[in-house]
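A short worksheet on the structure shown next.
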Amino acid sequence: MNRSEELQAYVVELFAAEDAVLAEIRREHRDAGLPDIAISAEEGRVLQVLLRAAGARRVLEVGTLGGYSGVWIARALGAGGKLTTIEINPEFARMARRSFEKAGVSDRVEVLEGRALDILPFLEPGFDAIFLDADKEPLVDYYRASLDLLRLGGLLLCDNAFFNGRVVDLTDTRPDIEGVRAFNRMAATDPRLLATVLPVRDGLLVGVKVAE
Ligand code: DHB
Ligand code: MG
């Protein structure tokens, strides 16, 4: 480990150690062959701090995967809070429901199965925070729908703002990378959003909706 990795491990050990439930969920997902693209514990803790700072009670996630991030989020919700999370893959959605059962948070999590762009227009606006962590090519479309669903002062969060460093390799123009670039540009320049990217894991975009 270099010094920067040592410091990261130090922070994770102090602030973001997984409990037995999260460790078991991570193991199960690895053993089941789920894609290894879930957030890290470090990132989970950052999400929790941000959600608490925003007093988030109604949270939306796009891209449930196996529910690992959802457990971190659900645990940070204030009293009476609710996480709505959208997943297109029925097998992933099934695993996520199991994760939420295991973590004892199923009463405050709703998994919606289907295409996010089909579901988003039917959701009730006024979310306190929205976490985008799904496929990258349609990110700008997710962005547009999310800003409409977010309350003034709400938090827009998006995983993989660096997309494994590929956002700055301009020779690489694959559609998913262009999707992340277009999203980052939009978040950076939209006057409705005050945003930046925290260099947490693969880049966590954090924005506050400052105008309608
Ligand atoms: C990929 C990684 C992610 O964390 C994600 O949310 C979606 C896609 C990827 O590497 O392709
Ligand atoms: Mg991701």
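The values are calculated or read from the model by the stated rules, or taken from the named source; none is laboratory data. None of these values were measured; they are calculated from a predicted model. Here Cβ is always computed from backbone atoms with ideal geometry, including for glycine, and neighbour counts include all displayed protein chains. Side chains included, ligands, DNA and RNA excluded: accessible areas come from the protein's heavy atoms. Shrake-Rupley method; radii C 1.70, N 1.55, O 1.52, S 1.80 Å.
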Q: Just subtract the alpha-carbon distance of Asp107 and Arg185 from 0.36 nm times their residue separation and send over the number in nm, one decimal.
A: 24.4 nm
Q. Which FRET efficiency value, to the nearest 0.05, is calculated for Leu170 and Leu117 with the Förster distance at 30 angstrom and r the Cβ-Cβ distance?
A. 0.60
(Q) Assuming 0.36 nm per residue, please report the length gained on full extension of the stretch Arg144 to Ala20 beyond their Cα-Cα distance. (A) 40.9 nm
Q. For Leu193, which sequence-distant residues (separation of 5 or more, or a different chain) have an amide H within less than 5 Å of its own amide H, given hydrogens modelled in the peptide plane?
A. Val210
Q) What does the convex hull of the Cα atoms come to per residue for the chain, in Å³? A) 127 Å³
Q: Using a 1.4 angstrom probe, figure out how much accessible area the chain has per residue, in square angstrom, rounded to the nearest whole.
A: 49 Å²
Q.
For a quick check: with amide H placed at 1.01 Å from N, whose amide H comes under 5 Å from Phe162's, ignoring anything fewer than 5 positions away on the same chain?
A. Gly203
Q) Out of residues 5 or more away from Lys82 or on other chains, whose amide H comes under 5 Å of its own, with H placed 1.01 Å from N in the peptide plane? A) Arg58, Val59
Q.
Per residue of region 163-177, what does 6.51 cos²θ - 1.76 cosθ + 1.60 with θ = phi - 60° give for ³J(HN,Hα)? Whole Hz please, x for Gly and Pro, Karplus curve as stated.
A. 6, 6, x, 6, 4, 9, 8, 6, 6, 9, 10, 4, x, 5, 5
Q: Apply 1/(1 + (r/R0)^6) to the Cβ-Cβ distance of Met1 and Asp135, taking R0 = 25 Å, and write down the FRET efficiency to the nearest 0.05.
A: 0.15
Q) Considering only region 64-178, what is the antiparallel percent among its DSSP beta bridges, to the nearest 5? A) 0 percent
**Q.** For the chain, calculated [θ]222 nm from helices alone, where every DSSP H run of n ≥ 4 adds -39500 (n - 2.57)
**A.** -13000 deg cm²/dmol
Q: Indicate, rounded to the nearest 5 percent, the antiparallel portion of the DSSP beta bridges found entirely in region 3-209.
A: 35 percent
Q | Accessible-area composition of the chain, carbon plus sulfur, in percent [1.4 Å probe] | A | 55 percent
